[in-house]
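Participant: This structure is in structure tokens; I'll ask about it shortly.
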Amino acid sequence: MRHFGWSEGNEVYLPLIDAEHRALFELADSLQNAVSAGARATEVREHLHRLTAQAEEHFTHEEWLMQSAGYPSYGWHKHQHDTARPSKAS
Ligand SMILES: [Fe+2]
């Protein structure tokens, strides 16, 4: 099973964004460890909720930064975020 370990290869060299990415890796690793250990469904859901909430907060922050800086690949990157976001029932 793949391990969600942070490495220098994951850095984008923006300290605040790297810190947010590192935190997401840690939450994903915690979720994976809970599943691997056979944790109860309620505990797994809590890990999953923390990860998705943190991811959404990060995506929103990163999109704001990209738009503020006029990042030329904003549309592509936003699409990547949107594919990772849970679909919303209409
Ligand atoms: Fe990101």
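The numbers here are math on the coordinates, done by the rules we state, and not lab data. Note that this is a predicted model, so its numbers are computed, not measured. We place every Cβ from the backbone using ideal geometry, glycine too, and count neighbours over all the protein chains shown.
Participant: Just the residues that are within 16 Å of the ligand (Cβ to nearest atom) and among the acidic types (D, E), please, taken from region 13-35.
Facilitator: D18, E20, E26
Participant: Oh, and also: Among the numbered criteria (1) within 14 Å of the ligand (Cβ to nearest atom); (2) more than 21 Å from F4 (Cβ to Cβ); (3) surrounded by fewer than 11 Cβ atoms within 10 Å (Cβ to Cβ); (4) not aromatic (F, W, Y), which single criterion is violated by T83?
Facilitator: That leaves (2) as the condition not met.
Participant: Then there's this: Counting only residues that are within 16 Å of the chain's Cα centre (by Cα) and within 12 Å of the ligand (Cβ to nearest atom), which one in region 66-80 is nearest to V12 (Cα to Cα)?
Facilitator: H77
Participant: Then there's this: Answer yes if at least one residue in region 36-52 is within 16 Å of the ligand (Cβ to nearest atom), closer than 24 Å to S87 by Cβ and either surrounded by 14 or more Cβ atoms within 10 Å (Cβ to Cβ) or aromatic (F, W, Y) (or both), and no otherwise.
Facilitator: Within region 36-52, one or more residues are within 16 Å of the ligand (Cβ to nearest atom), closer than 24 Å to S87 by Cβ and either surrounded by 14 or more Cβ atoms within 10 Å (Cβ to Cβ) or aromatic (F, W, Y) (or both).
Participant: Can you tell me which of (1) over 25 Å from S87 (Cα atoms); (2) in a helix (DSSP H, G or I); (3) of a type in the set (A, V, I, L, M, F, W, C) is the one I17 doesn't meet?
Facilitator: Here I17 meets the rest and fails (1).
Participant: Go through region 55-79 and give me each residue that's in a helix (DSSP H, G or I), over 19 Å from A23 (Cα atoms) and not hydrophobic (A, V, I, L, M, F, W, C).
Facilitator: Residues satisfying the conditions are Q67, S68, Y74, G75, H77, K78, H79.
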